[in-house]
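Colleague: Pasting a structure here, questions to come.
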Amino acid sequence: MTPGEMEMVEVFTSEGKGRGLQAAKEFWAGDVIFAEPAYAAVVFDSLTHLVCHTCFKRQEKLHRCGQCKFAHYCDRTCQKDAWLNHKHECSAIKEHGKAPNENIRLAARIMWRIEREGGGLTEGCLVSIDDLQNHVENFGEEEKKELRADVESFLNFWPPQSQQFGMQYISHIFGVINCNGFTLSDQRGLQAVGVGVFPNLCLVNHDCWPNCTVIFNNGNHEAVRSMFHTQMRIELRALGKISPGEELTVSYVDFLNVSEERRQQLQKQYYFDCTCEHCQKGIKDDLMLAVKEGENKPSQDVVKEVLQFSKDTLEKINKARSEGVYHEVVKLCRECLKKQEPVLGDTNIYLLRILSIASEVLSYLQMFEEASGYAKRMVDGYMKIYHPNNAQLGMAVMRAGVTHWHASLIEAGHGMICKAYAILLVTHGPTHPITKDLEVMRVQSEMELRMFQQNEFMYYKMREAALKNQKIQVMPEPTNEAPSGLFHTKQ
């Protein structure tokens, strides 16, 4: 955080929440309140050879560290930028014989930085690592067992020549990682690729209907002159007008759950009871649990039976997705929708979950016509539930727009792409790679729409010829990841 950004926010005591951050000036939708580089960050174990260890971008070809053979980088720029944080890690991995898991690597990177700079306030930080909450006293038996195993693994990896820390302090660092580790995504925002700790972000309290969003920006090293390079960082962005003195909040969990489920998730993962207005009043719960109204209103027993069938089907779908059996996923979705449609309302979260999976998997299988119908219904439901500037809503509308374009539904596709672009301008900003991609799509679909309106027959002929001459753009393979919370939890 720059000195100028530090003047835009103030640390204060938030009633019933402890410390928080409040605005020191007025902000408007899309304003960056502050940007913050990671105090320390690591790539997930499963992706260490596919993702750059400095900027966290996915790349086809990465340069491997010649010393430890573990760390991978986009280019010499990223490798050079990483050396301060990788130097001790590099020799420790060589000495240890192999790299430990991501939790141990992140703890070690934090400790080496503390060894360099001390555990107090560092430049650009409003709070020190020492002062962050660790919630170790709230751990259950299973979490305590995992903590002991992590501490033991850390001590085996930590070099004897490095500064030695007491068991209590090491436990504090693991506690901080457990409840404050922020999930990092690749440059397209499509996959979680790592975890980092951002001390200033940890001061921003939760609200299920927040006034801010947090976006990860991988930075940019493409400019020839390094003075124009930007570093990997998170950005706290305003979702609407924020007045001076107003508390800054973000949502730690996906809003697409009824208030009781969100509260349980927050208590389990972050150890607090949510007292936000949406939870206390159950706002939007009626929409998320909606059932068909009118003459054919189903009985409570029928609703209960369909909800249970939906939950069972979602478990089967997760299994089929993890095994990559996508045709089975489609079959399960179709069966479930047949049961849901006469009983559940258009905004019921169980119906929306099945519609989301069906549209994603059918798009991947290039069955775009059927996928677009499900995507449209999903978006219509999301628009009634989510905050109008919610980042997940923006991403969902973008995917639905692309699906409609592939299905040759150019008018509806262009409308959705424009809607997604308007949301992402607020949540991600105009220079984010996802927004830039979307701008290209918006211009292309607008051109095609004009052609379509002038001469429909010629448009389809030209489109057919163009698609024959280019490699068909395949949708990304569906992941089995549920929308994650704001902070990463160790699996």
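The values are calculated or read from the model by the stated rules, or taken from the named source; none is laboratory data. Here the structure is a predicted model, which means the values were calculated and not measured. Counting neighbours? That spans all protein chains shown, and the Cβs are built from the backbone with ideal geometry, glycine included. Just the protein is used for accessible areas: all its heavy atoms, side chains included, with ligands, DNA and RNA removed. Shrake-Rupley method; radii C 1.70, N 1.55, O 1.52, S 1.80 Å.
Colleague: Kindly report, to the nearest 10 Å², the accessible surface of Lys297 as traced by a 1.4 Å probe over protein heavy atoms only.
Modeller: Accessible area, nearest 10 Å²: 110 Å².
Colleague: Which listed residue (Val379, Gln59, Leu132) has the Cα farthest towards the positive end of the charge dipole for the chain, taking +1 on Lys and Arg C-beta and -1 on Asp and Glu C-beta about the Cα centre?
Modeller: Of the options given, the answer is Gln59.
Colleague: Next up: Apply 1/(1 + (r/R0)^6) to the Cβ-Cβ distance of Thr77 and Glu146, taking R0 = 22 Å, and write down the FRET efficiency to the nearest 0.05.
Modeller: Computed FRET efficiency for Thr77 and Glu146: 0.05.
Colleague: So what is the accessible area of segment 111-196 per residue, in Å², with the probe set to 1.4 Å?
Modeller: Result: 47 Å² of accessible area for each residue.
Colleague: Going from most exposed to least, what order do Arg58, Arg233, Arg105 have by accessible area with a 1.4 Å probe? Provide the component values of the computation, followed by the final result.
Modeller: Working: Arg58 90, Arg233 45, Arg105 5 Å².
The most accessible residue leads, giving Arg58, Arg233, Arg105.
Colleague: Charges on Cβ only, +1 for Lys and Arg, -1 for Asp and Glu, centred on the Cα centroid of segment 37-121; of Ala108, Cys78, Val42, which one is farthest towards the dipole's positive end?
Modeller: Sorting the options by dipole projection puts first Cys78.
Colleague: Given the chain, report the % of alpha carbon pairs whose separation exceeds 46 Å.
Modeller: Percent of Cα pairs beyond 46 Å in the chain: 14.
Colleague: Towards the positive end of the charge dipole of segment 124-207, with charges on Cβ (+1 Lys, Arg; -1 Asp, Glu), say which of Leu155, Gln191, Met167 has the farthest Cα.
Modeller: Positive-most Cα among the choices belongs to Gln191.
Colleague: Heavy atoms only, 1.4 Å probe, whole protein assembly: order Ile283, Ile417 by accessible area, highest first.
Modeller: Details: Ile283 50, Ile417 5 Å².
Solvent-accessible surface, decreasing: Ile283, Ile417.
Colleague: Something else now. Per residue and in cubic angstrom, what volume does the convex hull of the Cα atoms of segment 146-256 have?
Modeller: 205 Å³
Colleague: On C-alpha positions alone, give me the angle between the axis of helix 102-117 and the longest principal axis of the chain, in degrees, nearest 10.
Modeller: 50 degrees
Colleague: So how strong a dipole does segment 312-398 carry about its Cα centre when Lys and Arg Cβ are +1 and Asp and Glu Cβ are -1, to the nearest 20 debye?
Modeller: My answer is approximately 100 debye.
Colleague: Ordering His88, His53 by accessible area with a probe of 1.4 Å, largest first, what comes out?
Modeller: His88, His53
Colleague: Under a point-charge model restricted to the Cβ atoms of Lys and Arg (+1) and Asp and Glu (-1), what is the dipole moment magnitude of the chain relative to its Cα centre, in debye to the nearest 20?
Modeller: Working: 55 positive and 63 negative charges, 290 e Å.
So the dipole magnitude of the chain works out to roughly 1400 debye.
Colleague: Could you look at segment 356-397 and say what percent of its accessible area is carbon and sulfur, using a 1.4 Å probe and all protein chains?
Modeller: Whole-percent figure for carbon plus sulfur exposure: 53.
Colleague: Using every alpha carbon pair in segment 48-105, what percent of pairs falls into each 5 Å bin from 0 up to the bin containing the largest distance?
Modeller: For segment 48-105, the binned pair fractions read 4, 21, 32, 27, 14, 3 percent.
Colleague: How high is the relative contact order of the chain, in percent, counting Cα pairs under 8 Å that sit 6 or more residues apart?
Modeller: 16 percent
Colleague: Explain nothing, just the number: dipole magnitude of segment 1-62 about its Cα centre with +1 on each Lys and Arg Cβ and -1 on each Asp and Glu Cβ, in debye rounded to the nearest 20.
Modeller: My answer is approximately 300 debye.
Colleague: Separate question: Taking amide H positions as placed in the peptide plane 1.01 Å from N, state which residues far from Leu344 in sequence (5 or more) or on other chains have amide H under 5 Å from it.
Modeller: Here the answer is Lys292, since their amide H atoms fall under 5 Å of that of Leu344.
Colleague: Okay, next question. Any lysines with Cα under 29 Å of the Lys69 Cα? List them, leaving off those in the same chain fewer than 8 positions away.
Modeller: Output for Lys69: Lys57, Lys61, Lys80, Lys87, Lys94, Lys98, Lys490.
Colleague: Turning to a different aspect of this structure: How fast does segment 331-414 diffuse by Stokes-Einstein, in µm²/s, taking the Kirkwood radius from C-alpha pairs at 4 °C and 1.567 mPa s?
Modeller: Values: Rh = 12.8 Å.
The Stokes-Einstein estimate is 101 µm²/s.
Colleague: Just flag the chymotrypsin sites (Phe, Trp or Tyr not before Pro) in segment 153-187 sitting in loop per DSSP whose Cβ has no more than 12 other Cβ atoms within 10 Å.
Modeller: Sites meeting the loop and neighbour criteria: none at all.
Colleague: Now for a separate question. How much accessible surface area, in Å² rounded to 10, belongs to the heavy atoms of Met383 with a 1.4 Å probe?
Modeller: Spelled out: Met383, probe radius 1.4 Å, area about 80 Å².
Colleague: May I pose another question? As a quick test, which of the pairs Lys292/Lys419; Lys284/Lys304; Lys25/Lys419 have an alpha carbon distance above 25 angstrom in this structure?
Modeller: On the way: Lys292/Lys419 28 Å; Lys284/Lys304 20 Å; Lys25/Lys419 29 Å.
Pairs exceeding 25 Å: Lys292/Lys419; Lys25/Lys419.
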